[in-house]
Every structure is written in C-alpha cells, then in structure tokens.
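The values are calculated or read from the model by the stated rules, or taken from the named source; none is laboratory data. Because the structure is predicted, anything quoted here is derived from the model rather than measured. Neighbour counts are summed over all protein chains in view; Cβ atoms, including those assigned to glycine, are modelled from backbone coordinates with ideal geometry. Protein only, heavy atoms only, side chains kept; ligands, DNA and RNA dropped before computing areas. Shrake-Rupley method; radii C 1.70, N 1.55, O 1.52, S 1.80 Å.
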Amino acid sequence: MHTFTHDFNKIYKSKESFMEEMLLCNEEIYSVLGVKANIIRFPGGSLNHLDEEFLDRIHSKGFKVFDWNMQLSDGIDHNIPPEKLYLEGTKGSDKFYSITLLMHCDSTNKNTCKALPKIIKYYKDKNYEFKTITKDTPEYHFRVRKK
C-alpha cells in the first residue's frame, strides 16, 4: 500500500492522517481484489517519518514497512533514457547482499519498462533470486528514530 491519495500534505500532516490513508487504501484494495494488503511503502520513504512508537502502531494493524536500498530516478523524470535507468539499477549493487530496487510503473514510465528486462538479466546473471514479499519476508525500512 502506498496511501489512498498520495497527497504529501495530507498524509504527513499527522500519524493519524497517515494511518487513515493506509486503512482507506487497504479497504479499497479489499473491495476490488478481496485481499487484505499488509505491505506499506511510505511515499518518499519512511526516513524522518518513522519512530519506534509509530512503527509499533503500524505493526499493531498487521502492516509491515518496506523501503529500498537502490532506486531509479524514473519517479522524478519519466524521460530518462533506458540505458541510464539500467545503470542506476545496477551500479553499486555489489555493496548489497539483498536488493530492494525502487522503480515506478505508471503509464508515463515507458522507459522503465524498456530498461527492466536488461536489469532483470543483470541480476539473474549474478545469481540473484527474485522473490515475492510475503508475511515471512523480513521487514526492511530506513533507520527508525529513537524516542
């Protein structure tokens, strides 16, 4: 889940607003798919939004937070050439045992779709496995602020 409105002013107004957005998103997903979602990705990432108390509150609803350790700049500019997106999605990957790569996939991100097969091949050639996030997948989020 990525919020209901994606309106940063609304969702980050308060922790209550953020939770309302996720619960609305969850209800909408359930009404369409008949599935209760439990994975959250904070718009812009959880950094500077997540503290221990808030993480406990998110967990109390059965949600898990997933951020990323590599990203493409396709969310900033959908016209970036596929070759540059490929480099962004692979350069520096040797620093990580496990990679969570942030990419965008709406109708304007056609270059992302063009870069994706080559990115997948790169990781498969390096013997990475692609796995679905499940209830058993360890949560991955940016540093949590201490209270």
Report yes if I76 is under 19 Å from the mean Cα position of the chain (by Cα) and either surrounded by 18 or more Cβ atoms within 10 Å (Cβ to Cβ) or at positive phi (or both), otherwise no.
-> no
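Of the residues in region 20-47, how many are of a type in the set (S, T, N, Q) and free of Cβ contacts under 8 Å to residues at least 12 places away in the same chain?
Qualifying residue count for the region: 1.
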Does at least one position in region 76-92 carry a residue that is at pLDDT 95 or above, more than 27 Å from F63 (Cα to Cα) and in contact with a Lys or Arg (Cβ under 6 Å, 6 or more places away or on another chain)?
-> yes
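Being among the polar types (S, T, N, Q) and within 30 Å of S93 (Cβ to Cβ) is the filter; apply it to region 47-73 and report the residue that is most open to solvent (accessible area, probe 1.4 Å).
Ranking the qualifying residues of region 47-73, first place goes to N48.
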Look at region 1-55 and say how many of its residues are among the acidic types (D, E) and under 20 Å from P138 (Cα atoms).
-> 3
